[in-house]
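**Student:** Below you will find the structure I want to go over with you.
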């Protein structure tokens, strides 16, 4: 479960929020911080990619489908919801496919709205 949650949920969230922080820093003319955040963002892509590759290998070894297994583990072990908006470009660079996380995010959003999550 840790392999599904840490890189593919928590670190992937960094891919979603960091570009906005970079833009914000540039708008404040804090280019040093913007540059540091860009380095962090680029490095985060490699972390998410590594987790994704290892998770795919684990699923293949155990004869499990990646998307269903990942979604089941996130439902079971992640105490929260997958938050939109997603940075699809960075997630694609990290080899995370939309059909893994988008349907689960929509499901979690519905459950949260209904007070069931």
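The values are calculated or read from the model by the stated rules, or taken from the named source; none is laboratory data. Note that the structure is a prediction, hence the values are computed from the model and not measured. Virtual Cβ from ideal backbone geometry, glycine too; neighbours counted across all protein chains shown.
**Student:** Examine the range 57-68 for a residue that is under 16 Å from the mean Cα position of the chain (by Cα) and in contact (Cβ under 8 Å) with a residue 12 or more places away in the chain, and state whether such a residue exists.
**Tutor:** yes
**Student:** Taking the criterion of being assigned to a loop (DSSP other than H, G, I, E, B), within 15 Å of the chain's Cα centre (by Cα) and free of Cβ contacts under 8 Å to residues at least 40 places away in the same chain, would at least one residue in the range 30-46 satisfy it?
**Tutor:** If we filter the range 30-46 for residues that are assigned to a loop (DSSP other than H, G, I, E, B), which is where we start, we get 30.
Now drop any that are not within 15 Å of the chain's Cα centre (by Cα), which leaves none.
There is no residue in the range 30-46 that is assigned to a loop (DSSP other than H, G, I, E, B), within 15 Å of the chain's Cα centre (by Cα) and free of Cβ contacts under 8 Å to residues at least 40 places away in the same chain.
**Student:** Being surrounded by 14 or more Cβ atoms within 10 Å (Cβ to Cβ), touching a helix residue (DSSP H, G or I) at 6+ places or on another chain (Cβ under 8 Å) and either modelled with pLDDT under 90 or over 17 Å from residue 72 (Cβ atoms) (or both) is the filter here, so list the residues in the range 97-117 that pass it.
**Tutor:** Residue satisfying the conditions is 117 alone.
**Student:** For residue 73, only one of the following conditions fails: (1) without any contact (Cβ under 8 Å) to a residue 40 or more places away in the chain; (2) surrounded by 15 or more Cβ atoms within 10 Å (Cβ to Cβ). What is its number?
**Tutor:** (1)
**Student:** Among the residues of the range 76-95, are any part of a helix (DSSP H, G or I), out of contact with any helix residue (DSSP H, G or I) (no Cβ under 8 Å at 6 or more places or on another chain) and within 26 Å of residue 116 (Cβ to Cβ)?
**Tutor:** Scanning the range 76-95 turns up at least one residue that is part of a helix (DSSP H, G or I), out of contact with any helix residue (DSSP H, G or I) (no Cβ under 8 Å at 6 or more places or on another chain) and within 26 Å of residue 116 (Cβ to Cβ).
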